[in-house]
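Undergrad: Quick one: structure below, then a few questions.
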Amino acid sequence: MHDFFAEHPLLLAPMAGVTDEAFRALCREQGASLAYTEMVSAKGLSFANEKTRHLLRLAPGEDLVAVQLFGHEPAVMAEQAAWIEHTMGDTLAYLDINMGCPARKIVTKGDGSALMCDPALAASIVSAVRDAVNHPVTVKFRRGFKIGEETAPEFARRMEAAGACAVTVHGRFSEQLYRGSADWDVIAKVKRSVAIPVVGNGDVRCGADAVALREKTGCDAIMIGRGAEGNPWVFAQVKAALAGEEEPALPSVAERLAMARRHAHLLAEREGRNIVRMRKHAMWYMTGLPRAATARGKINACVTPEDFDKVFDDLLAFAAAHDSAHNPASSAFVNKEAN
Ligand SMILES: Cc1cc2nc3c(=O)[nH]c(=O)nc-3n(C[C@H](O)[C@H](O)[C@H](O)COP(=O)(O)O)c2cc1C
């Protein structure tokens with residue numbers, strides 16, 4: 001897959017509850033070469049669960065997507081991977097297997113990062129899925145499970161031997177959840193340990209971060225998660241920085257509000273009039289805007305696209321009255337605290 005990542009070097013991370021088709025479309029438009037779905041339960045798909053299938057819907061014009069599956073039963077994973085391949089055809093870039101999720105409800109079932117504690121089972125999942133599909137199979141995992149036990153390089157070799165075509169490494173231990181900072185040395189170590197492409201992930205929030213991650217690790221592609229929340233422009237900035245070009249200016253207050261509005265309407269086209277899930281995105285778009293604190297209270301009561309429009313209208317009017325609508329929003333949002 002080296003050629004694939006040479007053409008698609010900038011990836012939107014899978015994020016449950018965040019990377020739906022509306023958000024993916026906006027990130028692709030800003031320069032993400034590929035976006036991942038939210039993680040999809042193989043078990044849920046096997047029961048033809050509608051909510052689970054919903055996660056596989058594409059945005060209009062979305063021509064390529066990476067689908068991430070989670071689960072721990074090789075046969076179920078293989079069967080559902082084949083179903084996804086059959087259903088999605090050419091729009092599927094590859095199937096990724098989640099072996100990094102640290103959430104308690106996932107790990108206690110033996111899914112996500114729990115698989116890092118059982119490399120033999122992890123390997124049998126990869127080889128079963130690999131045998132069931134023609135598309136490439138990739139694996140996303142962490143620095144290790146227990147804090148201080150860096151198993152990623154050895155784990156990566158096991159996944160490669162089992163048939164993984166690429167791996168993504170998030171440089172935190174599972175037990176860290178999202179605390180502390182991502183270690184990029186482990187990504188370099190994984191890169192030296194395997195011949196397949198390695199995607200580097202963790203704490204990339206601006207062009208300079210991406211350039212530093214690539215230089216430090218030699219990774220084949222860069223994946224951005226939280227840095228894109230309320231900030232799809234991060235992809236335009238990173239893309240320019242990686243190409244050695246001048247980065248585009250940070251978006252103005254008016255541009256941020258226009259993006260938030262489009263996001264809400266894109267969601268409504270797909271979800272109907274109840275777009276409560278827009279609340280968290282709207283909060284992220286507000287970061288660094290004048291009057292954000294007041295807007296947050298109002299956003300918590302928004303349900304329909306018109307409710308959100310009203311909050312965005314008020315913010316724009318306030319900024320216009322203070323001659324700041326065309327100023328960049330505070331750059332605070334670029335460095336906002338991890339959630
Ligand atoms: C809200 C949220 C949901 C996430 N969901 C997933 C997921 O479904 N699958 C996955 O592999 N990682 C998931 N992650 C982890 C991200 O893909 C990524 O590895 C992590 O956030 C580190 O990258 P970042 O510092 O660029 O955010 C999630 C992270 C967040 C914050």
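Undergrad: Residue pairs, Cβ under 6 Å, 6 or more apart or interchain, first in the stretch 252-274 and in the same structural domain as L315 (by TED's automatic domain parsing) and under 15 Å from L55 (Cα atoms), second of a type outside the set (F, W, Y) and in a loop (DSSP other than H, G, I, E, B). List them.
TA: L267/I275
Undergrad: Sticking with this one: Quickly run through the stretch 42-68 and pick out the residues that are in contact (Cβ under 8 Å) with a residue 40 or more places away in the chain and crowded, with 17+ Cβ neighbours inside 10 Å.
TA: A59, V65, A66, Q68
Undergrad: State which residue is farthest from the ligand (Cβ to nearest atom) when the search covers only the stretch 11-31 and only residues that are in a helix (DSSP H, G or I) and among the small types (G, A, S).
TA: By that ranking, first place goes to A25.
Undergrad: Kindly evaluate G218 against the criterion of being within 20 Å of L95 (Cα to Cα) and either touching a helix residue (DSSP H, G or I) at 6+ places or on another chain (Cβ under 9 Å) or assigned by TED's automatic domain parsing to the domain that holds V107 (or both).
TA: No: the conditions fail for G218.
Undergrad: Could you tell me how many of the residues in the stretch 101-134 are within 16 Å of the ligand (Cβ to nearest atom), more than 22 Å from R179 (Cα to Cα) and not in a loop (DSSP other than H, G, I, E, B)?
TA: 4
Undergrad: With the structure loaded, tell me whether L289 is part of a loop (DSSP other than H, G, I, E, B) and touching a Ser or Thr at 6+ places or on another chain (Cβ under 7 Å) or whether it fails that test.
TA: No.
Undergrad: Out of G180, G148, report the one residue that is assigned to a loop (DSSP other than H, G, I, E, B) and without any contact (Cβ under 8 Å) to a residue 12 or more places away in the chain.
TA: Only one candidate qualifies: G180.
Undergrad: Right, next: Output the residues belonging to the stretch 204-230 that are touching a residue at least 60 places away in the same chain (Cβ under 8 Å), assigned to a loop (DSSP other than H, G, I, E, B) and away from the ligand (no atom under 11 Å from the Cβ).
TA: C206, D220, G230
Undergrad: Does the stretch 175-183 contain at least one residue that is surrounded by fewer than 21 Cβ atoms within 10 Å (Cβ to Cβ) and at positive phi?
TA: yes
Undergrad: When the stretch 64-83 is examined, which residues are found to be assigned to a helix (DSSP H, G or I) and closer than 19 Å to I106 by Cβ?
TA: P74, V76, M77, Q80, A81
Undergrad: Still on this structure, please answer the following. Can you confirm whether A128 is under 21 Å from the mean Cα position of the chain (by Cα) and either buried (at least 18 other Cβ atoms within 10 Å of the Cβ) or not assigned by TED's automatic domain parsing to the domain that holds G89 (or both)?
TA: So A128 does not fit the description; no.
The values are calculated or read from the model by the stated rules, or taken from the named source; none is laboratory data. All figures in this text were calculated on a predicted structure; none of them were measured in a lab. Neighbour counts are summed over all protein chains in view; Cβ atoms, including those assigned to glycine, are modelled from backbone coordinates with ideal geometry.
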